[in-house]
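Coordinate-derived values only; no laboratory data. As the structure is a prediction and not an experimental result, all values here were calculated from the model. Cβ: placed from backbone, ideal geometry, glycine included. Neighbour counts: every protein chain shown.
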Amino acid sequence: MTPVLKATGVSKAFGGLKAVSAVSIESHAGQILSIIGPNGAGKTTFFNCLSGIYPLDSGTVELGGGRIDGLAPHLVSRAGLSRSFQNIRLFPEMTALQNVQVGRFARSPRQILGTILRTRAWRDRERASLERSEELLAFVGLGDRADSWARALPYGLQRRLEVARALATDPKVLLLDEPGAGMNPQEIVDMMALVKSIARLGVAVVVIEHHMKLVMEISDRIVVLDHGEPIAEGSPDEIRRDPRVVEAYLGRSEEPHG
Amino acid sequence: MQTPPNPDSGALLFSQMLEILINGLARGSVYALVALGYTMVYGILGMINFAHGEIFMIGMFAAVFALGAMGSAGLVAVGITLPLAILLAMALSAGFGVMNERIAYRKLRGAHLLAPLTSAIGMSIVLQNFVMLSVTKGKVDFPRAVAQPLANTTWSLGPVQLTALQAVIFATTFALMCGLFWLVQRTRLGIALRAVAQDRTMASLCGMKVDRLIAFAFALGSALAAAAGAMVAMYQGVLRFDSGYMIGLKAFTAAILGGIGNIPGAVLGGLIIGLTEDLTSYTIKSEWKQTTAFAILILVLWLRPRGLLGERVADKV
């Protein structure tokens with residue numbers, strides 16, 4: 001099976017510090033790939049490289065067969081890669097629905113001309129876009145909070161709203177940066193279910209996560225980074241038993257746990 | 001029936017108050033239109049567009065020349081020529097606004113605050129000199145054939161007179177402001193502008209072409225300034241290459257007064273400054289109107305450093 005997302009030898013340094021060096025991943029439609037590693041292992045930097053925030057020092061990123069490295073973020077997003085952030089980055093002064101609608105921009109650009117000319121095609125697209133946004137809110141469980149201010153939503157729901165916004169770009173690949181961060185156990189269980197249901201839609205999901213339980217539970221494959229370098233890759237069972245991983249991740253401890 | 005209004009008597013008659021209100025609101029609504037441009041650019045970029053007064057001035061000239069051209073082509077129906085001239089002025093100024101963003105701002109977006117500030121001041125001088133050298137150093141008259149009938153047509157509003165000119169100003173500014181509010185609050189393009197104002201990187205990750213949206217905000221603000229320019233030109237009857245300077249400064253003041261970055265704030269600030277000026281002209285002397293307008297600004301900033309409506313910093317644009 002050909003991967004949807006294929007990153008090959010991605011490297012990024014800041015000054016002398018190699019934040020990410022020669023990381024390669026393949027992410028398949030409908031599967032969940034997790035990237036784990038200690039703090040400072042370069043996971044978020046890697047995401048920033050994939051999503052076009054940082055230019056790469058070397059390496060390539062292919063999405064659906066086409067190169068996306070070197071593209072500006074809005075083009076990466078239009079090509080079909082979307083992401084969430086570790087710290088919540090919603091538009092606080094907008095409603096939940098408006099936040100999701102922002103995500104639809106990847107699929108309905110040319111807003112300036114459309115708004116001025118108000119062509120039929122534009123209006124039809126707007127209506128479809130609104131319906132899709134409402135659908136997505138319902139999908140993440142926020143169907144009844146469409147008109148709530150984003151900043152007024154409880155934390156767990158803000159995280160889900162971010163996922164809805166990311167999905168609004170109709171991504172082929174969804175990068176989730178610590179979707180379970182700061183959540184209580186129940187919220188984490190709910191988030192796991194949500195991530196799985198996204199993969200079931202056929203999206204290739206790549207997750208950065210610290211909660212081992214979440215990672216082991218949902219991942220099809222896991223890549224382990226340490227000091228910016230890939231040190232292991234495999235199924236959850238293989239990773240669980242890999243001594244290098246145990247050492248890198250937990251120092252001298254026995255087994256990774258959440 | 002009544003004694004003629006005596007400007008030196010402290011007590012204002014009801015009719016005088018109404019007159020001040022009408023004149024002040026007409027003046028203030030023009031300031032408000034210009035102030036919206038300052039506030040939108042600040043809301044999105046966190047920078048002050050000091051060339052905005054010149055964009056306004058270019059709008060003045062564009063309207064006058066458009067009317068002149070239409071007049072010599074035999075098109076004289078004010079109902080057609082005036083709106084057309086205003087639209088042309090808006091389009092031309094929008095173009096200059098986009099150029100201004102492109103030249104003076106885009107490259108400096110990440111730079112220290114003083115860099116874009118200085119380049120905008122430079123742009124302002126360039127534009128003034130451009131008009132002075134390529135058009136004229138002297139004064140240009142607004143076509144009388146257009147302004148005169150409007151100024152002479154009056155309606156009685158109780159004890160005071162409203163001229164058709166003022167009615168045109170009210171109608172135009174009101175329509176444009178409503179249009180802007182509708183755009184920003186109700187359309188997805190408005191959502192996009194707010195998204196860019198709140199988090200540029202995130203907006204880009206959501207598929208927005210941020211550069212284009214920022215240029216659009218400049219175009220929008222410039223078009224509003226041009227409409228204001230056309231009306232001021234009509235009201236004052238004469239214009240010159242430096243006609244944008246003082247109004248630009250006052251509109252900037254209005255934007256600060258209302259809370260820069262806040263759209264209703266810009267309107268409120270503009271109206272307050274306009275009313276203050278007219279109130280001063282009636283009660284003290286018209287030479288004092290600028291002094292009181294800026295004194296009010298300083299006073300308000302003492303009490304509310306972020307301006308009247310400028311509380312929520314994130315609610316930009």
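Couple of notes before you dig in:
- Estimated FRET transfer efficiency (B:A111, B:S156; beta-carbon r; R0 45 Å; 0.05): 0.20
- Helical runs (DSSP H, four residues minimum) scored at -39500 (n - 2.57) apiece and divided by the length of chain A put the mean residue ellipticity at 222 nm at -11500 deg cm²/dmol.
- Residue-averaged 222 nm ellipticity for chain B, from DSSP H runs of 4+ at -39500 (n - 2.57), nearest 500: -24000 deg cm²/dmol
- Of B:L220, B:L205, B:L165, the one that fluctuates the most in a GNM where chain B has Cα springs shorter than 10 Å: B:L205
- Label point distance in nm, B:T136-B:A175, each placed 7 Å from Cα along Cα→Cβ: 2.9
- Annotation: lysines with alpha-carbon distance below 22 angstrom to A:K18 (same-chain offsets under eight excluded): A:K6, A:K43.
- Straight-distance crosslink candidates among aspartates and glutamates, where the alpha carbon sits under 15 Å from B:K107 and sequence neighbours closer than 8 are dropped: B:D211
- What you get for the protein assembly as shown, charging only the Cβ of Lys and Arg (+1) and of Asp and Glu (-1), is a dipole of about 1160 debye around the Cα centre.
- For region B:119-173, trypsin sites (Lys or Arg not before Pro) are listed when DSSP marks them as loop and at most 10 other Cβ atoms sit within 10 Å of their Cβ; the list is B:K137.
- Reach of B:K250 by Cα under 17 Å, taken over lysines that are not fewer than 8 positions away in the same chain: B:K289
- Within chain B, helices built from complete DSSP H runs that reach 20 Å or longer along their own axis (Cα positions) and carry a mean Kyte-Doolittle hydropathy of -0.5 or higher are B:14-45, B:52-72, B:78-100, B:114-134, B:164-186, B:210-236, B:243-258, B:263-283, B:289-303.
- Size descriptor for chain A, Kirkwood hydrodynamic radius: 18.9 Å (Cα pairs only, one decimal).
- Between 0 and 90°, nearest 10: helix A:185-200 axis offset from chain A longest Cα axis: 70
- Prolate/oblate/rounded call for region B:260-306, Cα gyration tensor, a/c under 1.5 rounded: oblate
- Proximity of backbone amide H atoms, modeled 1.01 Å from N, is registered between A:S84 and A:L175, A:L176, A:D177 at under 5 Å, excluding neighbours fewer than 5 places apart on the same chain.
- C-alpha long axis of helix A:155-167 to longest principal axis of chain A, angle in °: 70
- Across region A:145-239, C-alpha contacts under 8 Å between residues 6 or more apart give a mean separation that, scaled by the residue count, equals a relative contact order of 22 percent.
- Overall dimensions of the protein assembly as shown as given by Cα atoms, namely Rg and Dmax in Å: 29.0, 103
- Close amide-amide hydrogen proximity is noted between A:T95 and A:A150, each under 5 Å apart and 5 or more residues distant or on a separate chain (H modeled in the peptide plane; Pro and chain starts excluded).
- Counts of other chain beta carbons within 10 angstrom of each beta carbon in peptide A:72-82 average 4.
- Its residues counted as N, region A:91-169 yields a C-alpha radius of gyration over 2.2 N^0.38 Å of 1.11.
- For region B:3-107: rounded, prolate or oblate by the Cα gyration tensor [a/c cutoff 1.5]: oblate
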